[in-house]
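Peer 1: Okay, handing you the structure first.
The values are calculated or read from the model by the stated rules, or taken from the named source; none is laboratory data. Note that the structure is predicted; figures quoted are calculated from it, not measured. As a convention, Cβ positions derive from the backbone with ideal geometry for all residues, glycine included, and neighbour counts pool all protein chains shown.
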Amino acid sequence: MSSIAIQLLNGLAGASTLFLVAAGLSLIFGVTRIVNFAHGSLYMLGIYCAYSFIGAFGTTPLGFWAGVLAAALAVGALGALVEIALLRRIYGSPELLQLLATFALTLMLKDAALWSWGAEDLLGPRAPGLRGSVDVLGAAFPAYDLVLIAVGPAVLGALWLLLYRTRWGRLVRAATQDRDMVAALGVNQKWLFTGVFALGAALAGLAGALEIPREPAQLSLDIAAISDAFVVVVVGGMGSLPGAFLAALLIGEIKALCIAVGLSKLTLVVEFVVMAVVLALRPQGLLGKPWEIVRAPRVEPPLRPLGTVAGIVVTIALATLPLLTGGYALVLCIDIFVFALFAASLHFILGAGGMVSFGHAAYLGLGAYGAGLLLAKAGWPMGAALAAAPLAAGAGAALFGWFCVRLSGVYLAMLTLAFAQIVWSVAYQWDALTGGSNGLVGVWPAGWLASRSAFYWLGLALAAGGVWLLHRALFSPFGFALRAGRDSPLRAGAIGIDVRRVQWAAFTASGALAGLAGGLYAFSKGSISPDSSMAVSRSIDALVMVLLGGVQTLTGPLVGAAAYTWLQDAIARNTDYWRAVLGAAILAIVLAFPQGIVGALRARFGAKEDTA
Amino acid sequence: MKKAVWSLLALAAALARPAAAQEPIKLGELNSYKVFASFLEPYRKGWQLALEEVNAAGGVLGRKLEIVSRDDNGNPGDAVRVAEELLAREKVQLLMGTFASNVGLAVADLAKQRKVLFLAAEPLTDKIVWENGNRYTFRLRPSTWMQTAMLIPDAAKLKKKRWAIVYPNYEYGQSATRAFKELLKKAQPDVEFVAEQATPLGKIDAGPVAQALADARPDAIFSSLFAGDLARFVREGNTRGLFKGREVFNLLGGEPEYLDPLKDESPEGWYVTGYPWYGIGTPEHRKFLAAYQTRWSDYPRAGSVVGYAAVMSAAAAIAKAGSLDSEKLVEAMKDLRVGTPFGSIVFRALDHQSTMGAYVGRTGVKDGKGVMTSSRYADGAAFLPPDAEVRKLRPAE
């Protein structure tokens, strides 16, 4: 019994850190409505800064705590700088574009950390005076963890005082509820936003700095921290600090208990399972409230059909490529076809359906595994296995979509992420069937398709066919119903459209086509593994491709996929700092063309048509 | 006139041909330099040193060697694309490298499909030479199974009954755990495994894990943690007194890559496999150490030896084959003997595994740094299953 009690204490220590990161994210989202993807990077910088500051100040108690504080302040200052230099310019842009900008920031911050601190893990000092342990119920419990346990509630209390007992806090709360009204009342929003962003960043920095005695500074912390923080914020309810605290406690304790009772394998996904359950039962999170004010919803311009002639011409032009070269260009193009289809399928629900998915890679992966398993384990011929890919992914999408379409906005996005992580962890751990973390090998195309050109033509045909199908669907009554549901669910319902059903069908179709892309992907690589097909980074890639190309156009995802894949390939070969270059390129695009590449081209060259 | 032109052209062609023969031999190298930097930066220095040595000695087949190196992002999908790029655009003669098991297996399968030699330098997975072994893939580093087997004699000698196990929850940790349980059970039938903790790779929740292991009251612990996970585990375990009065075995724990960051907190008396570069007296290693330190003003890590030996193996294979033809290279790799800093190794024709070994010893702290004391070389050849068993594991060609 006492061992369970100790594990609960361990859970509390973990929960404190989770809460600090999540609190900053929640504050920033509440006021600025920016989903700050770079929050994990700020946390990571907190650890690195603390490592350097404490190194400079010396490992005395004063030096240690001054170093922790200095790290938090430095990260807060960086946050203010980012807000002033970047975010201020894009508050008017679509929310997803802001997400893309903060994603670009994570790429640049990661390389900045690599450049300043190097790639090796840096194990920081322990807290002087708190190196030892305290006897708790007969077990040696680290003294420092007791401090951490106290920090969480202390910060929650301090934030509460700040928000409820100061004028600034009142303004922050007002802005969280209705920022237009706050602006109308003459509050200088600029500095309010900068202040909130700096505070949120400082909290992330503090969370990182406080971890210095517990874990080494390393470059992979950013993604790990951001996904944990998102989960906590969403489970607690976006914008609710007590909710975030409760969620952090819940997740911290459940993790510790899993380890205590010998279910350690579950810790790989337990937070996502918790999130899926919470969102299925309480769509607004534990303590979240529905957003009250939606003034002047953004009206999307009507979609325009792609020119059939142009599409045929481009497809034919692409089809001649193998006659000119048999080399690497084909390999790269096959990747581009796969990702273009993948991005187009995401765009189908994201652009026309208004449903953002953070977990679209699940369907790429289901398709890839479906095809791979049928070929390698069931001995199906390649054609049949490939044909089964969209069915497998579609079935998964139908199942998960049923839950997802009941939510909206960030909650929906996070539920898709939860499902994707659950699927990933099943593939990762089910050794006997999926080959575990190694995945499956030997998934090669049939002999007559094995040559690069033959597979290129297959990829082109399937990608073009898939995109054509999506396109047809968008301009059928179904597609119009889907867009009606996006723009005004109430009115759409009033004229007899079953919005949820339409969205569910769209989600399923989108998943199926992502699965087709996955099947192609598996056969083009000859192997399939959880990390290559359904990792979070794959989902993010797809999102970046769609946003980069432009959400409001049909060619956007295709151009975005081509540009992103090609950029990544070309830059990575020429510099060690390809992430930073890629991030800078994305930022430049975001700032210069807030409508994405194709959107910008259309605005520049197609203006006449639009007004006509 | 026409004749003169033709003879001039013929002369030019004749001159051009030997010039073409002097072009360097291109080897394609791919690895996850960004993702596993602490292991792979020293690895890169190792292969660069070997490359310079080979070329200073006149190259191979009268031609210099050139290595085209790429980052594979630690992702099997990207790795296959990068490998295709090396083959199609750079026209490399063979592939080498990779670190993570899933990347290694994906590239091995590509090598089989494209019929090109692949020298898997780092991946530890047993499958790359056994279950998923293929004609074109050879592996340099001692595998998970081999390194685990190297720890078994010491583990069995202790006659500890209750064992707890902690491992990173992916193929490497799972295989190490499976092999350890199987081999120890064979050596000591009364052994009991009282707790097992599978921790997410890179995200160990060290406090609760250390506590759960302590609660199981084991006599000894077997761990296959490494890098950041190991550092966190050591810290929490030290603070919570988990290691007091318990024997601990840690696969790879003596590799400088993973031991050095722990500094004065390095555990004492752990049984580990690793690379005590400061305590190896063989002439081969002394020569390597001197050359490495002169070239890089730094000491070598385990990765350095692997990188160095990988290029030496590739050069030896090309020299033995006397040709760049993939099939001939594959034949040359079989039973190829190569001199490495660890002495002479052989790439077994039986399963394409090299007999490179590792050092086994116990950890200690010296001048505020973690070291391996009383280490001895465990020759890989002595820690492989019997041939008949290997034949059963590996598909026929």
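Peer 1: Out of curiosity, is B:Val107 crowded, with 21+ Cβ neighbours inside 10 Å, within 14 Å of chain A (Cβ to nearest Cβ), in a helix (DSSP H, G or I) and free of Cβ contacts under 8 Å to residues at least 60 places away in the same chain?
Peer 2: Details: crowded, with 21+ Cβ neighbours inside 10 Å: yes; within 14 Å of chain A (Cβ to nearest Cβ): yes; in a helix (DSSP H, G or I): yes; free of Cβ contacts under 8 Å to residues at least 60 places away in the same chain: no.
Taking the combined requirement at face value, the residue does not satisfy it.
Peer 1: Right, another one. For the range A:258-267, does any single residue satisfy the condition of being in contact with a Cys (Cβ under 6 Å, 6 or more places away or on another chain) and either closer than 28 Å to A:Ala50 by Cβ or more than 10 Å from chain B (Cβ to nearest Cβ) (or both)? Explain how you work it out, then say what you get.
Peer 2: Let us first name the residues in the range A:258-267 that are in contact with a Cys (Cβ under 6 Å, 6 or more places away or on another chain), namely A:266-267.
If we keep only those that are either closer than 28 Å to A:Ala50 by Cβ or more than 10 Å from chain B (Cβ to nearest Cβ) (or both) as well, we get A:267.
Yes.
Peer 1: When you scan the range B:160-217, how many residues do you find that are of a type in the set (Phe, Trp, Tyr) and within 11 Å of chain A (Cβ to nearest Cβ)? Give the derivation first.
Peer 2: In the first step, residues of the range B:160-217 are kept if they are of a type in the set (Phe, Trp, Tyr); the result is B:163, B:167, B:170, B:172, B:180, B:193.
Okay, now just the ones that are also within 11 Å of chain A (Cβ to nearest Cβ), so B:167, B:170, B:172.
Counting residues in the range B:160-217 that are of a type in the set (Phe, Trp, Tyr) and within 11 Å of chain A (Cβ to nearest Cβ) gives 3.
Peer 1: For A:Val581, indicate whether it is closer than 30 Å to A:Asp228 by Cβ and buried (at least 21 other Cβ atoms within 10 Å of the Cβ). Step through it out loud before you land on a result.
Peer 2: Values: closer than 30 Å to A:Asp228 by Cβ: yes; buried (at least 21 other Cβ atoms within 10 Å of the Cβ): no.
Answer is no for this residue.
Peer 1: How many residues does the range A:400-424 hold that are over 16 Å from A:Leu364 (Cβ atoms) and in a helix (DSSP H, G or I)?
Peer 2: Kept after step one, since they are over 16 Å from A:Leu364 (Cβ atoms), are these residues of the range A:400-424: A:402-415, A:418.
Of the ones still in play, those that are also in a helix (DSSP H, G or I) are A:402-404, A:409-415, A:418.
Summing the residues that are over 16 Å from A:Leu364 (Cβ atoms) and in a helix (DSSP H, G or I) in the range A:400-424 gives 11.
Yes or no, residue by residue, for (1) buried (at least 21 other Cβ atoms within 10 Å of the Cβ); (2) more than 13 Å from chain A (Cβ to nearest Cβ); (3) touching a residue at least 24 places away in the same chain (Cβ under 8 Å):
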residue: B:Leu27; (1), (2), (3): yes, yes, yes
residue: B:Leu30; (1), (2), (3): yes, no, yes
residue: B:Tyr33; (1), (2), (3): yes, no, yes
residue: B:Pro42; (1), (2), (3): yes, no, yes
residue: B:Leu51; (1), (2), (3): yes, yes, yes
residue: B:Glu66; (1), (2), (3): no, yes, yes
residue: B:Val80; (1), (2), (3): yes, no, yes
residue: B:Glu84; (1), (2), (3): yes, no, yes
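Peer 1: Checking A:Gly372 against (1) more than 17 Å from A:Ala505 (Cα to Cα); (2) modelled with pLDDT under 90, which test does it fail?
Peer 2: Against the list (1) more than 17 Å from A:Ala505 (Cα to Cα); (2) modelled with pLDDT under 90, A:Gly372 comes up short only on (2).
Peer 1: Follow-up question, since we're still on this one. Scanning for something at pLDDT below 90 and under 22 Å from the mean Cα position of the chain (by Cα), does the range A:37-60 turn up at least one residue?
Peer 2: yes
Peer 1: Could you give me the residue pairs with C-beta distances under 9 Å whose first residue belongs to the range B:337-363 and is in contact (Cβ under 8 Å) with a residue 60 or more places away in the chain, whose second residue is part of a strand (DSSP E or B) and of a type in the set (Asp, Glu) wherever it lies, and which are 6+ apart or on separate chains?
Peer 2: none
Peer 1: On the given criteria, is A:Asp222 in contact with a Lys or Arg (Cβ under 8 Å, 6 or more places away or on another chain), under 26 Å from A:Gly252 (Cα atoms), assigned to a helix (DSSP H, G or I) and acidic (Asp, Glu)? So that I can check it myself, show each step before the final result.
Peer 2: Values: in contact with a Lys or Arg (Cβ under 8 Å, 6 or more places away or on another chain): yes; under 26 Å from A:Gly252 (Cα atoms): yes; assigned to a helix (DSSP H, G or I): yes; acidic (Asp, Glu): yes.
Against the criterion (in contact with a Lys or Arg (Cβ under 8 Å, 6 or more places away or on another chain), under 26 Å from A:Gly252 (Cα atoms), assigned to a helix (DSSP H, G or I) and acidic (Asp, Glu)), A:Asp222 qualifies.
Peer 1: In addition: If I filter the range B:110-125 down to residues being surrounded by 24 or more Cβ atoms within 10 Å (Cβ to Cβ) and in contact (Cβ under 8 Å) with a residue 60 or more places away in the chain, which single residue comes out as nearest to the other protein chains (Cβ to nearest Cβ)? Explain how you work it out, then say what you get.
Peer 2: Filtering the range B:110-125 down to residues surrounded by 24 or more Cβ atoms within 10 Å (Cβ to Cβ) leaves B:110-111, B:117-125.
Next cut, in contact (Cβ under 8 Å) with a residue 60 or more places away in the chain only: B:117, B:119, B:121-122.
Working: B:Leu117: 17, B:Leu119: 18, B:Ala121: 17, B:Glu122: 15 Å.
Once the filter is applied, the top-ranked residue is B:Glu122.
Peer 1: Then there's this: What are the residues in the range A:117-172 that are of a type outside the set (Gly, Ala, Ser), within 14 Å of chain B (Cβ to nearest Cβ) and part of a helix (DSSP H, G or I), if any?
Peer 2: A:Trp117, A:Tyr144, A:Asp145, A:Leu146, A:Val147, A:Leu148, A:Ile149
Peer 1: For a quick check of your reading of the model, give me the residue pairs whose first member lies in the range A:517-542 and is more than 7 Å from chain B (Cβ to nearest Cβ) and over 16 Å from A:Leu417 (Cβ atoms), whose second is in a strand (DSSP E or B) and not acidic (Asp, Glu), with beta-carbon atoms closer than 7 Å and at least 6 apart or on different chains.
Peer 2: Hits for this filter: A:Ala522/A:Val443; A:Ala522/A:Ile528; A:Phe523/A:Val443; A:Ile528/A:Leu440; A:Ile528/A:Val443.
Peer 1: Being among the hydrophobic types (A, V, I, L, M, F, W, C) and more than 27 Å from the chain's Cα centre (by Cα) is the filter; apply it to the range B:222-246 and report the residue that is nearest to the other protein chains (Cβ to nearest Cβ).
Peer 2: Step one: filter the range B:222-246 for residues among the hydrophobic types (A, V, I, L, M, F, W, C), giving B:222, B:225-227, B:230-231, B:233-234, B:242-243.
Filter once more, keeping what is more than 27 Å from the chain's Cα centre (by Cα): B:242-243.
Values: B:Leu242: 9, B:Phe243: 11 Å.
My answer is B:Leu242.
Peer 1: Out of the residues in the range B:369-393 meeting the condition of being among the small types (Gly, Ala, Ser) and either under 19 Å from B:Thr355 (Cβ atoms) or surrounded by 17 or more Cβ atoms within 10 Å (Cβ to Cβ) (or both), tell me which one is farthest from the chain's Cα centre (by Cα).
Peer 2: We begin by selecting, within the range B:369-393, every residue among the small types (Gly, Ala, Ser); these are B:370, B:374-375, B:378, B:380-382, B:388.
Now narrow it down to the ones that are either under 19 Å from B:Thr355 (Cβ atoms) or surrounded by 17 or more Cβ atoms within 10 Å (Cβ to Cβ) (or both): B:370, B:375, B:378, B:380-382, B:388.
Numbers: B:Gly370: 21, B:Ser375: 19, B:Ala378: 15, B:Gly380: 12, B:Ala381: 15, B:Ala382: 17, B:Ala388: 25 Å.
The residue in question is B:Ala388.
Peer 1: Here's something else I'd like to know. Listed residues A:Ile90, A:Ile84; which is more than 14 Å from every other protein chain (Cβ to nearest Cβ) and either under 23 Å from the mean Cα position of the chain (by Cα) or among the hydroxyl-bearing types (Ser, Thr, Tyr) (or both)?
Peer 2: Working: A:Ile84 fails: either under 23 Å from the mean Cα position of the chain (by Cα) or among the hydroxyl-bearing types (Ser, Thr, Tyr) (or both).
Just one listed residue meets the conditions, A:Ile90.
Peer 1: Determine whether B:Leu252 is more than 9 Å from chain A (Cβ to nearest Cβ), crowded, with 22+ Cβ neighbours inside 10 Å and on the phi > 0 side of the Ramachandran plot. Talk me through it step by step, then tell me what you get.
Peer 2: Values: more than 9 Å from chain A (Cβ to nearest Cβ): yes; crowded, with 22+ Cβ neighbours inside 10 Å: yes; on the phi > 0 side of the Ramachandran plot: yes.
Here the answer is yes, as B:Leu252 does meet what is asked.
Peer 1: For the structure I just gave you, tell me whether B:Asp154 is within 14 Å of chain A (Cβ to nearest Cβ), acidic (Asp, Glu) and on the phi < 0 side of the Ramachandran plot. Break it down stepwise before answering.
Peer 2: Details: within 14 Å of chain A (Cβ to nearest Cβ): no; acidic (Asp, Glu): yes; on the phi < 0 side of the Ramachandran plot: yes.
No; evaluated as a whole, the condition is false for this residue.
Peer 1: A:Ala244 versus (1) within 12 Å of another protein chain (Cβ to nearest Cβ); (2) surrounded by 24 or more Cβ atoms within 10 Å (Cβ to Cβ): which is the lone unmet condition?
Peer 2: All conditions are met except number (1).
Peer 1: Going through A:Ala506, A:Ala481, A:Ala514 one at a time, which residue ends up being more than 27 Å from the chain's Cα centre (by Cα) and on the phi < 0 side of the Ramachandran plot?
Peer 2: On the way: A:Ala506 fails: more than 27 Å from the chain's Cα centre (by Cα); A:Ala514 fails: more than 27 Å from the chain's Cα centre (by Cα).
That would be A:Ala481, the only listed residue that is more than 27 Å from the chain's Cα centre (by Cα) and on the phi < 0 side of the Ramachandran plot.
Peer 1: On the basis of being without any contact (Cβ under 8 Å) to a residue 60 or more places away in the chain and either buried (at least 24 other Cβ atoms within 10 Å of the Cβ) or aliphatic (A, V, I, L, M) (or both), does A:Ala494 make the cut?
Peer 2: Details: without any contact (Cβ under 8 Å) to a residue 60 or more places away in the chain: yes; either buried (at least 24 other Cβ atoms within 10 Å of the Cβ) or aliphatic (A, V, I, L, M) (or both): yes.
Yes; evaluated as a whole, the condition is true for this residue.
Peer 1: Right, another one. Quick one: in the range A:425-452, of everything that is more than 12 Å from chain B (Cβ to nearest Cβ) and touching a residue at least 60 places away in the same chain (Cβ under 8 Å), which residue is farthest from A:Gly396 (Cα to Cα)?
Peer 2: That would be A:Leu449.
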